[in-house]
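Student: Got a structure here, written out as structure tokens. Questions coming.
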Amino acid sequence: MASNNSIKKTLGVALGLCIVCSVVVSTAAVVLRPMQMTNAELDRKSNILAVAELLQPGEDVGQQFRDKVTAKVVDLNSGEYVDDIDPEKYDQAKMSKDPATSRTLSGDEDLPGIKRREQYSVVYLVGDVEQPDEIIVPVRGNGLWSMMYGYLALKGDGNTVVGLSFYQQGETPGLGGEVDNPKWKAQWDGKKIYPEDSMDPEVHLKKGGVNPSSPDAKYQVDALSGATLTSNGVTNLLQFWMGENGFAKYLTQFRDVKGA
């Protein structure tokens, strides 16, 4: 009688177990994929509503988004809407890596360290599309340890900040990670991006804290204590995305309409 402890049988059992586990894991991944995508989409919409101060806890996020927000695709090169691209199907992250739909940034241009900038971006409008109450735009850039992804919400004048929130970042907890601190985020409300007669962004984080009596205080938010590189990263990504390589051409129309 053959021994049950033979090397051949041991390897056979191990191989069979590996095959069974692989099938279980693969099946679970396929089955759970739609649920994961749905949850990711709800999280994205929740973050957009939250930065615009529109999120009502306990209510259906999808319905709130449909009732309050309109998504549009913008050509960053011209600042005009692109009507033949469906914002619900447009994969901005993928397009930012495709040479056919993005361009390489030079060293001087690449303030946020993103290497490539996509030609088209999705923006989110609250209220009337032509004269919205709020405009929410996606922003991203390097901090100390991570690429920080967030949304910036502006009032309909295209200049006054409603809020800034990062939904994905890996900065140091208690230091750069304070970009998630509600107290720090509250400072953004009412700040300005541009001077009255310019589309060159002045917004930045102020090392040592903002002096309320300074004429520049309206463009400044306190830098994060002990997190100089993360603070610089926030400044750089905002100045890039609000500048000529970002949303400046697009936002100009709202400043003109609103008389900002």
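The values are calculated or read from the model by the stated rules, or taken from the named source; none is laboratory data. Computed from a prediction, not measured in an experiment: that's the story for all the values here. Counting neighbours? That spans all protein chains shown, and the Cβs are built from the backbone with ideal geometry, glycine included.
Student: If we keep just the residues of region 1-55 that are part of a loop (DSSP other than H, G, I, E, B) and not small (Gly, Ala, Ser), which is modelled with the lowest pLDDT? Working first, answer last.
Tutor: Taking region 1-55 first, the residues part of a loop (DSSP other than H, G, I, E, B) are 1-6, 52-55.
Remaining after also requiring not small (Gly, Ala, Ser): 1, 4-5, 53-55.
Working: Met1: 49, Asn4: 57, Asn5: 60, Glu53: 95, Leu54: 95, Leu55: 94.
Top of the filtered list is Met1.
Student: Do you know which residues across region 221-260 are modelled with pLDDT of 95 or more, in a helix (DSSP H, G or I), more than 16 Å from the chain's Cα centre (by Cα) and of a type in the set (A, V, I, L, M)?
Tutor: Within region 221-260, Leu229, Ala248, Leu251 meet the criteria.
Student: Could you check, for region 231-252, whether at least one of its residues is surrounded by fewer than 18 Cβ atoms within 10 Å (Cβ to Cβ) and free of Cβ contacts under 8 Å to residues at least 40 places away in the same chain?
Tutor: Looking for residues that are surrounded by fewer than 18 Cβ atoms within 10 Å (Cβ to Cβ) and free of Cβ contacts under 8 Å to residues at least 40 places away in the same chain, one finds none in region 231-252, hence no.
Student: Of the residues that make up region 199-220, is at least one in a loop (DSSP other than H, G, I, E, B), among the hydroxyl-bearing types (Ser, Thr, Tyr), modelled with pLDDT of 95 or more and surrounded by fewer than 18 Cβ atoms within 10 Å (Cβ to Cβ)?
Tutor: First pass over region 199-220, keeping only residues in a loop (DSSP other than H, G, I, E, B): 199-203, 207-216.
Narrowing the set further to residues that are among the hydroxyl-bearing types (Ser, Thr, Tyr) leaves 213-214.
Checking the rest, the ones that are also modelled with pLDDT of 95 or more come to 213-214.
Narrowing further to those that are surrounded by fewer than 18 Cβ atoms within 10 Å (Cβ to Cβ): 213-214.
Looking for residues that are in a loop (DSSP other than H, G, I, E, B), among the hydroxyl-bearing types (Ser, Thr, Tyr), modelled with pLDDT of 95 or more and surrounded by fewer than 18 Cβ atoms within 10 Å (Cβ to Cβ), one finds at least one in region 199-220, hence yes.
Student: Moving on to the next point. With the checklist (1) in contact with a helix residue (DSSP H, G or I) (Cβ under 9 Å, 6 or more places away or on another chain); (2) of a type outside the set (Asp, Glu); (3) at pLDDT below 95 in hand, flag the one item Leu76 doesn't pass.
Tutor: (3)
Student: Going through region 133-147 one residue at a time, which ones are surrounded by fewer than 21 Cβ atoms within 10 Å (Cβ to Cβ) and not in a strand (DSSP E or B)?
Tutor: Asp133, Leu144, Trp145, Ser146
Student: Now, a different point. Where residues in region 64-104 are hydrophobic (A, V, I, L, M, F, W, C) and touching a residue at least 60 places away in the same chain (Cβ under 8 Å), which of them is farthest from Trp241 (Cα to Cα)? Don't jump to the end; show me each part of the working.
Tutor: Quick first cut of region 64-104, residues hydrophobic (A, V, I, L, M, F, W, C) only: 65, 69, 71, 73-74, 76, 82, 85, 93, 95, 100.
Next, only the ones that are touching a residue at least 60 places away in the same chain (Cβ under 8 Å) stay: 69, 74, 76.
Working: Val69: 21, Val74: 13, Leu76: 10 Å.
Among them, the one singled out is Val69.
Student: Also, quick follow-up: Please specify each residue of region 188-198 satisfying the condition of being of a type outside the set (A, V, I, L, M) and crowded, with 16+ Cβ neighbours inside 10 Å. Steps first, answer last, please.
Tutor: Taking region 188-198 as the starting set, the residues that turn out to be of a type outside the set (A, V, I, L, M) are 188-192, 194-198.
Listed by number, the residues that qualify are Trp188, Lys191, Lys192, Tyr194.
Student: Which residues, counting only those in region 90-137, are among the basic types (Lys, Arg) and under 17 Å from the mean Cα position of the chain (by Cα)?
Tutor: Start the filter on region 90-137 by keeping residues that are among the basic types (Lys, Arg), which leaves 94, 97, 103, 115-117.
Result: Lys94, Lys97, Lys115, Arg116, Arg117.
Student: Let me ask you something else. Report yes if Gln168 is touching a Phe, Trp or Tyr at 6+ places or on another chain (Cβ under 6 Å), within 16 Å of Val137 (Cα to Cα) and surrounded by fewer than 20 Cβ atoms within 10 Å (Cβ to Cβ), otherwise no. Write out each step before concluding.
Tutor: On the way: touching a Phe, Trp or Tyr at 6+ places or on another chain (Cβ under 6 Å): yes; within 16 Å of Val137 (Cα to Cα): yes; surrounded by fewer than 20 Cβ atoms within 10 Å (Cβ to Cβ): yes.
It is true that Gln168 is touching a Phe, Trp or Tyr at 6+ places or on another chain (Cβ under 6 Å), within 16 Å of Val137 (Cα to Cα) and surrounded by fewer than 20 Cβ atoms within 10 Å (Cβ to Cβ).
Here's the yes/no breakdown for (1) buried (at least 18 other Cβ atoms within 10 Å of the Cβ); (2) touching a residue at least 24 places away in the same chain (Cβ under 8 Å); (3) in contact with an Asp or Glu (Cβ under 9 Å, 6 or more places away or on another chain); (4) over 18 Å from Ser78 (Cβ atoms):
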| residue | (1), (2), (3), (4) |
| --- | --- |
| Pro112 | yes, yes, no, yes |
| Gly127 | no, yes, yes, yes |
| Tyr149 | no, no, no, yes |
| Ala153 | yes, yes, yes, yes |
| Val161 | yes, yes, yes, yes |
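Student: Tell me, yes or no, whether region 166-173 has at least one residue that is part of a strand (DSSP E or B), of a type in the set (Ser, Thr, Tyr) and free of Cβ contacts under 8 Å to residues at least 40 places away in the same chain. Steps first, answer last, please.
Tutor: Of the residues in region 166-173, the ones part of a strand (DSSP E or B) are 166-168.
Remaining after also requiring of a type in the set (Ser, Thr, Tyr): 167.
With the extra rule that they be free of Cβ contacts under 8 Å to residues at least 40 places away in the same chain, the set shrinks to none.
Among the residues of region 166-173, not one is part of a strand (DSSP E or B), of a type in the set (Ser, Thr, Tyr) and free of Cβ contacts under 8 Å to residues at least 40 places away in the same chain, which makes the answer no.
Student: In region 51-63, which residue that is without any contact (Cβ under 8 Å) to a residue 60 or more places away in the chain and surrounded by fewer than 17 Cβ atoms within 10 Å (Cβ to Cβ) is nearest to the chain's Cα centre (by Cα)?
Tutor: Gly62
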